[in-house]
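First the structure, in the form of structure tokens, and then the observations on it.
The values are calculated or read from the model by the stated rules, or taken from the named source; none is laboratory data. Since the model is a prediction, treat every value here as computed from it, not as a measurement. As a convention, Cβ positions derive from the backbone with ideal geometry for all residues, glycine included, and neighbour counts pool all protein chains shown. Note: accessible area is taken over every heavy atom of the protein model, side chains too, but ligands, DNA and RNA are not part of it. Shrake-Rupley method; radii C 1.70, N 1.55, O 1.52, S 1.80 Å.
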Amino acid sequence: MTTNTYTLVIGDKNISSWSLRPWLALKVCGIPFAEERIRLRQPDSKAKILRHVPSGKVPALKTSTGVVWESLAVLDYLAERHSEHRLWPQDEEARAVARSISAEMHAGFATLRNAMSMDLLNLLPAPPASAALEADIGRIAAIWKDTRARFGQGGPFLFGAFSNADAMYAPVATRFRTYGVDLARFGDDGTGAAYAAAILALPAVAEWTEGAKAETRQRAGA
Ligand SMILES: N[C@@H](CCC(=O)N[C@@H](CS)C(=O)NCC(=O)O)C(=O)O
């Protein structure tokens, strides 16, 4: 199978958390792809995205046969097409939990996503505390702690080796850094903090971050 015919349509690397998810999975697995970057929050952003994908949202993966959209569907597609990378854990129970927490991320945490929107390159003050925000952060701390304890023996990620679940939660690690979230306040015994550090230490995250810096420099005309 030819795999270098993928084009991943993404938004700005500083702010597009949904774009980071499949980009990271592709990079960590070493699957070749081209990038099509669309600047978000511009008058013509929507029209430009719609040229590639009918949902009008990024990310979208253009393949040799069509287009796949919605971050979680793209990750599922990659897991299926590149099964050798085991983007979903092999163990049935672990795989069920990985799918569950990934779906929970995809469908939920709206308060956290709104109050702590991704701003990769910046360090910002924590937003005003609210019960809903505390509940979202607490739930993520619990997911990370439980998953690492139950399935994480084989490596530093949620299920040991890198999986689609890590791709889904990676932008949360950057948000916690941006907004200075101390997970210890949310019942973390250090497991969640170590997990977030492992995500941030991924060479692919460094590469994405360099891309975000390059985009910022380019826009500043430097
Ligand atoms: N549920 C979608 C969310 C995608 C999404 O909201 N993408 C944002 C950028 S991070 C977007 O395309 N915004 C452009 C717009 O809505 O016009 C997914 O999982 O891919």
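Worth a mention:
- With contacts taken as Cα pairs under 8 Å at a separation of at least 6 residues, the chain carries a relative contact order of 22 percent.
- The helix-based estimate of mean residue ellipticity at 222 nm for the chain, built from -39,500 (n - 2.57) per DSSP H run of four or more residues and divided by its residue count, is -16500 deg cm²/dmol to the nearest 500.
- Here the chain has 51 percent of its accessible surface on carbon and sulfur atoms, given a 1.4 Å probe and all protein chains in place.
- Ligands, DNA and RNA are left out, and with a 1.4 angstrom probe the accessible area of region 55-190 is 45 Å² per residue.
- Rounded to the nearest 20 debye, the dipole magnitude of region 1-131 is 540 debye, with +1 charges on Lys and Arg beta carbons, -1 on Asp and Glu beta carbons, and the Cα centre as origin.
- To the nearest 10, the accessible area of LYS145 is 70 Å² with a 1.4 Å probe.
- For region 158-199 versus region 35-105, the spacing of their alpha-carbon centroids is 21 Å.
- Contour minus Cα-Cα distance for ALA131 and ALA214 (0.36 nm per residue): 26.2 nm
- The magnitude of the dipole of the chain, with charges of +1 and -1 set on the Cβ of Lys/Arg and Asp/Glu and taken from the Cα centre, is near 700 debye.
- Placing a pseudo-label 7 Å from each Cα along the Cα-to-Cβ vector at ASN122 and ALA149 gives an inter-label distance of 3.6 nm.
- Here the spin labels are modelled as points 7 Å beyond Cα on the Cα-Cβ line, and at ALA96 and GLU80 they lie 2.2 nm apart.
- By the Cα gyration tensor, region 114-169 has an equivalent ellipsoid whose semi-axes, rounded to whole angstrom, run 26, 15, 8 from largest to smallest.
- Point-to-point label distance, ALA201-LYS46, nm (Cα→Cβ direction, 7 Å offset): 4.4 nm
- Across all directions, the average projected area of the convex hull around the alpha carbons of the chain is 12.6 nm².
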